[in-house]
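Laboratory data are not the source of any read-out in this text; all were calculated from the coordinates shown. Keep in mind that this is a model prediction, so the values were computed, not measured.
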Amino acid sequence: MNRGRFAESAGTVALAAWMAFAALTAVLISDQAGPMYPDRGLLSWSVAHRPPVALALARGLTATGTGAVPYVLAALAGLIAGRTARRRLTAALLFVACLGAGQAVRYGVMDLVARARPPRYDWQTQASGWSFPSGHTTTSALTAGLLILALVLRAPRGRTVLCALVALWAAGVGLTRVYLGVHWFTDVVGGWLFAAGWLALCTCAAARRLPARHLPGPPGPGTPHPNDPADGPVESHAPKDPHRRGRSRPA
């Protein structure tokens, strides 16, 4: 797929995700909006199913969705995506910038929506700030998207399994926020939609604006491949006169 088609596909995904996110946000900020039916049902279920082992596992998993871990994974994704040393460094910086900028925008959205969290007596971990969209969910989903993009570009073998494991990690982080009682389920859905829209938007912008030499992955059209025989040395015995090609030399 060429850059134009790739950018167009990413733009389509971004538009669809942002439209769904806007629709969900509009429902949640309406005057009559309270916790939706899935919100109440899943919170009630989680409160009734909290054995100590499950709580410990959930706290451990949810901790990987914030702090330094996502940024280390985003930088690692950039190093995986790059083909050369320069591209690896550029991709790592771009991936970390995508994650950081997405978090900054998400903070602004949280302040604008100002949705309250579930009741504090149901919490099983510490939390702060407003509820929508879920920060841990958004951060882990963005990180997972960057890792999956890197694996698709640079891991020809076993990438399906690796991508599935990365996606399951991000989904698990989001669901632990509901299980631990600090977010409504629609907060988590909002985080997934926000992450999809932001990642697709950044991908579309990079495909359209960045020079091909700065993009991760294989060389673009017209870029010489290091193993291209056209770039190799010309054999010394090759005839220099094109009109003599195929003729035998005189005895």
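Share of Cα-Cα pairs in segment 1-145 beyond 27 Å, in percent?
Working: 3822 of 10440 pairs.
Looking at segment 1-145, the distances longer than 27 Å represent 37 percent of pairs.
Could you run the Karplus curve 6.51 cos²θ - 1.76 cosθ + 1.60 with θ = phi - 60° over segment 133-143 and give me ³J(HN,Hα) per residue in whole Hz, x for Gly and Pro?
Values per residue, Gly and Pro as x: x, 4, x, 4, 5, 4, 5, 5, 5, 4, 4 Hz.
On the Cα set of segment 56-208, report Rg and Dmax in Å, please.
In order Rg, Dmax, the Cα atoms of segment 56-208 give 15.6, 52 Å.
Full-extension gain between W123 and V161, please, as 0.36 nm times their residue separation minus the C-alpha to C-alpha distance. Show your work: numbers first, answer last.
Numbers: separation 38, 0.36 × 38 = 13.68 nm, distance 3.37 nm.
Gain on stretching W123 to V161: 10.3 nm.
Compute the Cα gyration tensor for segment 86-133, then decide on rounded, prolate or oblate, letting a ≥ b ≥ c be the square roots of its eigenvalues: rounded whenever a/c is under 1.5, prolate when a/b is larger than b/c in the other cases, and oblate in all that remain.
oblate
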